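Visitor: This is the structure, below, for whatever I ask next.
The values are calculated or read from the model by the stated rules, or taken from the named source; none is laboratory data. Everything quoted here is computed from the prediction, not taken from an experiment. Here the Cβ positions follow ideal geometry from the backbone for every residue, glycine too, while neighbour counts run over all protein chains shown. Accessible surface areas use protein heavy atoms only, side chains included; no ligands, DNA or RNA. Shrake-Rupley method; radii C 1.70, N 1.55, O 1.52, S 1.80 Å.
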Amino acid sequence: MSVEIKLKRASKVYNPGEVVKGTLVVTSPSEFSHSGLVLTLEGTVNMQLSAKSVGIFEAFYNSVKPINMINIPIEVQRSGKFGRGATTIPFEFPLTTKSSRPLYDTYHGVFISIQYFLKAEVRRGLLNKPLFKQIEFVVEGKKVEKVKENPSIPFSITPQSLENINEIKSVPNFKISGTLDRAICNIERPLKGKIVVEHSAKPIKSIELQLVRVETCGCAEGYAKDATEIQNIQIADGDVMRRLEIPIHMVFPRLFTCITTATSNFKIEYEVNIVIVLEDDHLITENFPIKLYRPLS
């Protein structure tokens, strides 16, 4: 005995304003009575504090409560009976909200998650456990017109350009240059660029490209800001040839990234780190804040 939710769209990706269509399939080896079949469309923003932030600001405990963006329950079928075998019931929901809060991009982060679910429940009276099923679907929220001004980011990394160094004399002499092709990135297109090792006094062990999420939870009284790694891509291995252009190519992973978002309760931002690991495991890191957007089709 079970209930299943099947969406008509195989990708399970929807835009605000579209209609979510599908079918409910109730399967049973024999006829049974029920107290109603309810289907709920639910979208929430869930936040939690990192261990280092808990207890710092009492106000956080209110500001990190789940934010309900959309909640639409529909009684698909009133109390009655389902027959033996499979019973198929079609449904459709408008993906719209009556509140002033928009529908944000689906996002699976560490301290912030934005998720949309369809939940089906077949109520079977007080003495019987209800049949329950939920599935997640993906919402791609705000879209903007193509960004007109989107300059590339040239960089040159030397011992003199590094920050947080106590003794510059302890850092080997090197120069690494390159370009990231844009600072405001289309989330549906890869980030590209190039990196060139001009010279290095010590052999290079590895060159890596790191994508970092910066999640901020809080309110006017205070906030908790945490940076965590999304992915790390090795773009060169070993002591690379000097003055050779090494291409940079990184795809933004779905679900683990969304468009750059800023609200009164939370922020989701991104940074890219270029990490050069020397043979003695000395790390050289350069940080680049970036913004993600989704263009109009």
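Visitor: Can you pull the one-decimal nm distance between simple spin-label points at GLU198 and ILE230, each 7 Å off the Cα toward Cβ?
Guide: A separation of 3.1 nm, rounded to one decimal place.
Visitor: Using just the C-alpha positions of segment 169-297 as equal point scatterers, what log10 of I(q)/I(0) does the Debye formula give at each q in 0.11, 0.18, 0.21 1/Å?
Guide: Evaluating at q = 0.11, 0.18, 0.21 Å⁻¹ gives log10 I(q)/I(0) of -0.46, -0.98, -1.18.
Visitor: Continuing with the same structure: Distance from a point 7 Å along Cα→Cβ of LEU126 to each backbone N in segment 71-85: keep the residues under 11 Å and list them by number.
Guide: Backbone N within reach: none found.
Visitor: Taking every alpha carbon pair in the chain, what does the distance histogram look like in 10 angstrom bins from 0, in percent?
Guide: Per 10 Å bin, starting at 0, the Cα pair percentages come out as 5, 22, 23, 21, 15, 8, 5, 2, 0.
Visitor: Using a 1.4 angstrom probe on heavy atoms only, work out the carbon and sulfur share of the accessible area of the chain in %. Don't jump to the answer; show the numbers that get you there.
Guide: Working: 7920 of 16010 Å².
The computed percentage sits at 49.
Visitor: What number comes out for accessible area per residue over the chain if the probe is 1.4 Å? Units Å², please. Walk me through the numbers before you get to the answer.
Guide: Details: 16010 Å² over 297 residues.
That works out to 54 Å² for each residue.
Visitor: Using Cα-Cα distances under 8 Å and only pairs 6 or more residues apart, what relative contact order does the chain have, in percent?
Guide: For the chain, the relative contact order is 18 percent.
Visitor: If R0 is 30 Å, what FRET efficiency do you get for LEU244 and GLU163 from their C-beta distance, rounded to 0.05?
Guide: Between LEU244 and GLU163 the formula returns 0.65.
Visitor: Follow-up. What aspartates and glutamates sit close enough to LYS129 to cross-link, taking a C-alpha to C-alpha distance under 13 Å and skipping anything fewer than 8 places away on the same chain?
Guide: Those aspartates and glutamates meeting the cut-off are GLU121.
Visitor: Hey, another quick one. How about LYS133: which lysines have a C-alpha closer than 18 Å to its C-alpha, ignoring those fewer than 8 places off in the same chain?
Guide: LYS6, LYS8, LYS12, LYS21, LYS119
Visitor: Okay, next question. If the chain between PHE288 and HIS108 were fully stretched, how many nm would it gain, using 0.36 nm times the residue separation less the Cα-Cα distance?
Guide: 62.6 nm
Visitor: Leaving ligands, DNA and RNA out of it, rank SER161, SER11, SER113 by accessible area with a 1.4 Å probe, largest first.
Guide: Numbers: SER161 45, SER11 70, SER113 25 Å².
Correct descending sequence by accessible area is SER11, SER161, SER113.
Visitor: Once Rh is set to the Kirkwood radius over Cα pairs, what Stokes-Einstein translational diffusion coefficient, in µm²/s, holds for segment 130-217 at a temperature of 20 °C and a viscosity of 1.002 mPa s?
Guide: For the chosen part, D equals 122 µm²/s.
Visitor: Pull up the cross-link candidates among the lysines for LYS225, meaning alpha carbon to alpha carbon under 30 Å and not fewer than 8 places away within one chain.
Guide: The qualifying lysines are LYS52, LYS65, LYS142, LYS143, LYS146, LYS192, LYS267, LYS291.
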